[in-house]
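Novice: Shown below is the structure under consideration.
The values are calculated or read from the model by the stated rules, or taken from the named source; none is laboratory data. Note that the structure is a prediction, hence the values are computed from the model and not measured. All Cβ positions, glycine included, derive from the backbone under ideal geometry; neighbour counts span all protein chains shown.
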Amino acid sequence: MKKIIFAISFILALSNYSVYAASTSNADGDPEQIFKESFPTAECVKWSREGEYRKVSFVLFGRGAQAIFSPEGDLLGTMRNVLYADLPIKVMTSIRKRFSNSVPFAITEINRVDGTLYKFSVEIKNRRYDATISQEGAFTKVVAR
């Protein structure tokens with residue numbers, strides 16, 4: 001039992017530290033410096049441009065993640081791949097109520113200044129659904145494919 005409690009505490013601590021979004025800005029407007037300060041343990045770091053925005057893809061604690069920076073160098077948000085077990089209980093409960101016998105896959109956590117969203121897919125009777133749900137467990141989008 002102690003091992004389970006320790007494991008849960010450890011996972012929660014990592015998930016709280018691992019990827020976050022805040023209106024972090026740098027007087028110099030250098031997103032690479034902000035990134036290094038925000039994610040000092042990031043590995044496999046690759047920078048790219050999407051229009052005026054800078055995007056960095058990286059691995060943090062063994063999971064793929066991305067961060068987006070404004071043209072001014074502000075950290076706008078982050079995304080990371082998560083497992084179903086990593087989801088908040090409210091989110092898991094809402095998914096189970098809406099998609100009772102389906103297991104979500106391709107789950108992405110999106111952290112922005114205005115909150116956290118989770119995007120995922122499920123298959124029901126040979127039909128795929130892509131959905132977005134808030135951290136409070138409210139569905140914001142469900143699309144049948």
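Novice: I4 fails exactly one of the following numbered conditions: (1) surrounded by 12 or more Cβ atoms within 10 Å (Cβ to Cβ); (2) among the β-branched types (V, I, T); (3) farther than 28 Å from K141 by Cβ; (4) at pLDDT below 95. What is the number of that condition?
Specialist: It fails just one condition, (1).
Every residue, every condition in (1) assigned to a strand (DSSP E or B); (2) in contact with an Asp or Glu (Cβ under 8 Å, 6 or more places away or on another chain); (3) in the same structural domain as E52 (by TED's automatic domain parsing); (4) under 30 Å from D30 (Cβ atoms), yes or no:
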residue	(1), (2), (3), (4)
Q66	yes, no, yes, yes
P71	no, yes, yes, yes
S102	no, yes, no, no
T108	yes, no, no, yes
E123	yes, no, no, no
I133	yes, no, no, no
G137	no, no, no, no
T140	yes, no, no, no
V143	yes, yes, no, no
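Novice: For the stretch 134-141, does any single residue satisfy the condition of being modelled with pLDDT of 95 or more and at positive phi?
Specialist: Within the stretch 134-141 (the criterion being modelled with pLDDT of 95 or more and at positive phi), the answer is yes, since at least one residue qualifies.
Novice: Next up: Report yes if some residue within the stretch 46-53 is assigned by TED's automatic domain parsing to the domain that holds I34, closer than 16 Å to D30 by Cα and of a type in the set (S, T, N, Q); otherwise report no.
Specialist: yes
Table: residues versus (1) of a type in the set (A, V, I, L, M, F, W, C); (2) out of contact with any strand residue (DSSP E or B) (no Cβ under 6 Å at 6 or more places or on another chain).
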| position | (1), (2) |
| --- | --- |
| P31 | no, no |
| K36 | no, yes |
| W47 | yes, no |
| G64 | no, no |
| M79 | yes, no |
| L83 | yes, yes |
| M92 | yes, yes |
| N101 | no, yes |
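Novice: Mind checking which residues of the stretch 26-55 are among the aliphatic types (A, V, I, L, M), within 13 Å of G73 (Cα to Cα) and either at pLDDT 95 or above or not in a loop (DSSP other than H, G, I, E, B) (or both)?
Specialist: I34
Novice: Being part of a strand (DSSP E or B), touching a residue at least 60 places away in the same chain (Cβ under 8 Å), in contact with a Lys or Arg (Cβ under 6 Å, 6 or more places away or on another chain) and surrounded by 11 or more Cβ atoms within 10 Å (Cβ to Cβ) is the requirement here; does R128 meet it?
Specialist: no
Novice: Here are some residues: F39, F58. Which one is in contact (Cβ under 8 Å) with a residue 24 or more places away in the chain, buried (at least 19 other Cβ atoms within 10 Å of the Cβ) and of a type in the set (F, W, Y)?
Specialist: After ruling out the rest, the residue left standing is F39.
Novice: Also: Any residue that is of a type in the set (K, R) and more than 27 Å from L60 (Cα to Cα) - is there at least one of those in the stretch 107-122?
Specialist: No, because not a single residue in the stretch 107-122 is of a type in the set (K, R) and more than 27 Å from L60 (Cα to Cα).
Novice: Do the conditions hold for K125, that is, is it over 26 Å from K36 (Cβ atoms), over 14 Å from the mean Cα position of the chain (by Cα) and modelled with pLDDT under 95?
Specialist: When the stated conditions are applied, K125 passes them.
Novice: Sticking with this one: Taking the stretch 54-89 on its own, how many of its residues are on the phi > 0 side of the Ramachandran plot and in contact with a Ser or Thr (Cβ under 8 Å, 6 or more places away or on another chain)?
Specialist: 2
Novice: Please specify each residue of the stretch 65-101 satisfying the condition of being surrounded by 15 or more Cβ atoms within 10 Å (Cβ to Cβ) and free of Cβ contacts under 8 Å to residues at least 24 places away in the same chain.
Specialist: Within the stretch 65-101, Q66, I68, S70, M92 qualify.
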